[in-house]
Amino acid sequence: MRARAPDLLADLLVQGCVAALVLSLLRWLDRDAARVLRSGPAVLAATGVALLAAVPGAALDDAVPEPYMDEIFHVPQAQRYCAGDLATWDPMITTPPATYLAALPLAAARAVARHAAAHALAATAALARGAAPPSLAGALDLGPPLRHACSASALRAASAALAAPCFLTLCFLVRLESRKAAGRATHAALAAHAASLALLPTHFFFHWLFYTDTGATLALLLAFAAARCRAPFAAGLLGAVAVLYRQTNAVWFCLALAELVLGRLPRAAALRVESTLAVALQPLRDAVSALRAAPELLRAGVWFPALVPAAFAAFVAANGGVTLGDRAAHAPVAHLAQPLYAALFTCAALAPGVLAALPRTCRPKPRHVVIAALAVAAAAAAVHRGTYAHPYLLADNRHYSFYVWRRVLSHRLARFALVPAYVAAGWALHVVRRPPRHLGSSSVTWCWVFYLCLVAALVPAGLLEPRYFTVPTLLTAVQLRVPPARAALLAAAAFAAVNAATWNLFVHRPFRAPDGTTGRFMY
């Protein structure tokens with residue numbers, strides 16, 4: 001690892017610079033909420049997250065220097081952009097170009113930082129030996145490092161550079177909600193809870209590879225932060241960036257847009273009535289209120305973020321579909337079981353917080369029994385009619401989901417045996433998920449919009465990939481009650497252990513595929 005010292009120093013420096021930019025943005029959005037980010041626990045947690053992204057990432061890069069899995073498409077595309085070729089597009093790439101555009105300045109900054117670090121370390125070593133330090137002219141010659149700035153290693157480092165910024169944004173979002181709660185959480189509890197979310201395995205693993213996931217998640221979380229701080233123009237710009245990373249972010253941004261609209265409607269106390277009809281009609285009431293308040297909403301600038309889903313809809317119409325490339329393999333399907341998988345995954349990932357927030361006593365009423373029976377029937381119907389096995393899932397044994405399908409979901413009895421678990425997970429999440437507190441009675445509408453976004457984002461996706469559940473899991477997690485610091489630290493440690501295990505499997509447990517290539521296990 002000594003030879004990697006300049007790389008590690010450069011990676012941490014670039015990550016620190018990106019974190020400083022994100023911190024400045026969050027302070028501009030809400031200076032009071034951003035104070036927690038400068039507390040001792042938050043700084044310590046951010047440093048830990050940065051190191052966990054950079055150090056294992058460098059070791060992974062040593063073991064797997066060549067692009068792997070989807071990197072065989074993403075890395076060459078980014079390198080074409082680095083060479084100034086913005087016209088050539090790989091037809092196998094399905095997502096927009098923000099991943100490659102954002103990687104250019106990050107890779108260039110890393111190349112300069114690495115060059116400076118290498119010369120500084122060489123000069124220090126020379127002086128320690130009593131020798132003359134290297135020439136200053138060599139340190140100032142940035143041509144060679146910039147010519148090789150977009151190596152696979154540098155592009156992976158560009159993903160790792162977003163780890164600490166993701167933590168800061170999650171901590172900010174958690175703080176926004178927790179300060180509206182009855183009891184304010186301590187800085188240690190907030191930082192530990194945000195660290196556990198930043199270490200969510202399906203999110204954190206992709207800091208070590210050059211994928212679209214980390215940038216797409218960070219941009220979307222920042223868009224939500226801007227929306228919850230009532231900054232429509234910032235939310236619109238960040239939402240556009242998020243969509244340029246990944247198309248499904250357009251769906252999730254509709255939830256942020258709904259928060260902007262609902263937050264400006266006349267407030268009423270949170271609904272406490274037990275009437276199912278009242279709950280069902282609340283979205284209609286809010287829609288009517290939004291129409292009446294349209295002039296005020298336009299003056300408030302809500303029209304600007306509304307351009308993001310409108311522009312995306314126009315793109316889909318002009319493009320003839322959502323994806324840019326490989327359309328045959330990514331055509332929309334009716335994967336009705338996908339939201340059920342997401343509910344079970346989210347509930348399992350957030351189990352400590354969910355269990356702690358569940359009511360200690362429950363007095364079922366007759367209508368609850370009816371609702372539960374209908375939910376089980378609906379889930380069983382979704383499993384029966386909407387279980388889908390994508391050809392890529394069946395053919396690729398490098399993904400964990402391949403084994404979940406082969407050993408569990410491919411068996412009809414097992415699929416239906418999981419129905420009660422799906423319903424229980426969905427019920428638990430519905431009970432503990434707290435909509436943004438400033439919405440009052442419109443929190444009911446927020447829940448409806450959340451579920452619609454969940455269905456719209458997941459059902460058309462034919463592939464079964466746990467990373468698709470990252471966004472709904474994180475958006476649910478920031479709405480949970482902040483657990484005590486000790487419980488949050490245990491959750492963070494558990495996720496760190498899972499990340500260590502998946503890293504070890506990927507790096508040290510390769511296998512030989514039938515075609516002679518080397519396969520590695522991953523999400």
Report task. Please identify which residues in the stretch 465-496 have an amide N closer than 15 Å to a label point set 7 Å out from the Cα of Ser39, following the Cα→Cβ vector. Result -> 482-489
Query - Two-site FRET efficiency, Leu490 against Arg179, from Cβ-Cβ distance with R₀ of 30 Å, rounded to 0.05 - result: 0.80
Query - Cα centre as origin, Lys/Arg/Asp/Glu Cβ charges: the chain dipole, Debye - result: 1840
**Report entry** Gain upon complete extension [Ala126, Met92; 0.36 nm per residue less C-alpha separation]
**Finding:** 7.4 nm
Requested in this report: Any chance you could give the angle, 0 to 90 degrees and rounded to 10, that helix 187-198 forms with the longest Cα principal axis of the chain?
Outcome: 80
Query raised in the report: Helix 5-29 sits at what angle to the longest principal axis of the chain, using alpha carbons and giving 0 to 90 degrees rounded to 10?
Result: 40
Query - Where labels lie 7 Å past Cα in the beta-carbon direction, separation of Arg512 and Ala334 in nm - result: 4.6
Query raised in the report: Label-point separation (nm) for Val408 and Ala378, each offset 7 Å from Cα along Cα-to-Cβ?
Result: 2.3
Query raised in the report: Nearest 0.05, what FRET efficiency do Arg292 and Ala63 give at R0 = 51 Å with Cβ-Cβ as r?
Result: 0.25
Query raised in the report: Based on the Cα atoms of the stretch 332-483, what semi-axes does the equivalent ellipsoid have, where each is the square root of 5 times one gyration tensor eigenvalue, given in whole Å with the largest first?
Result: 27, 18, 15
Query raised in the report: Ranked highest first by average number of other Cβ atoms within 10 Å, how do 486-496, 508-518 line up?
Result: 486-496, 508-518
**Report entry** Charge dipole of the stretch 1-211 about the Cα centre (unit charges at C-beta), most positive-ward option of Ala78, Val22, Thr88
**Finding:** Val22
Report summary line: Between the modelled labels at Ala421 and Ala83 (7 Å from Cα along Cα→Cβ) the distance in nm is 4.8
Query raised in the report: For a label point 7 angstrom out from the Cα of Ile72 toward its Cβ, which stretches of the stretch 83-123 have the backbone nitrogen within less than 11 Å?
Result: none
Report summary line: Quick note on Arg406, Arg398, Arg412, ordering by fewest other C-beta atoms within 10 Å, gives Arg412, Arg406, Arg398
Query raised in the report: Given [x] 0.98; [y] 1.10; [z] 1.04 as candidate values of Rg/Rh (Cα atoms, Kirkwood Rh), which corresponds to the one derived from the coordinates?
Result: [x]
**Report entry** the chain - mean residue ellipticity at 222 nm from DSSP helices (-39,500 (n - 2.57) per run, n ≥ 4, rounded to 500)
**Finding:** -21000 deg cm²/dmol
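Every number in this text was worked out from the coordinates using simple rules, so none of it is lab data. Note that the coordinates shown come from a computational prediction; the quantities given were computed from them, not determined experimentally. Note that each Cβ is placed from the backbone with ideal geometry, even for glycine, and that neighbours are counted across all protein chains shown.
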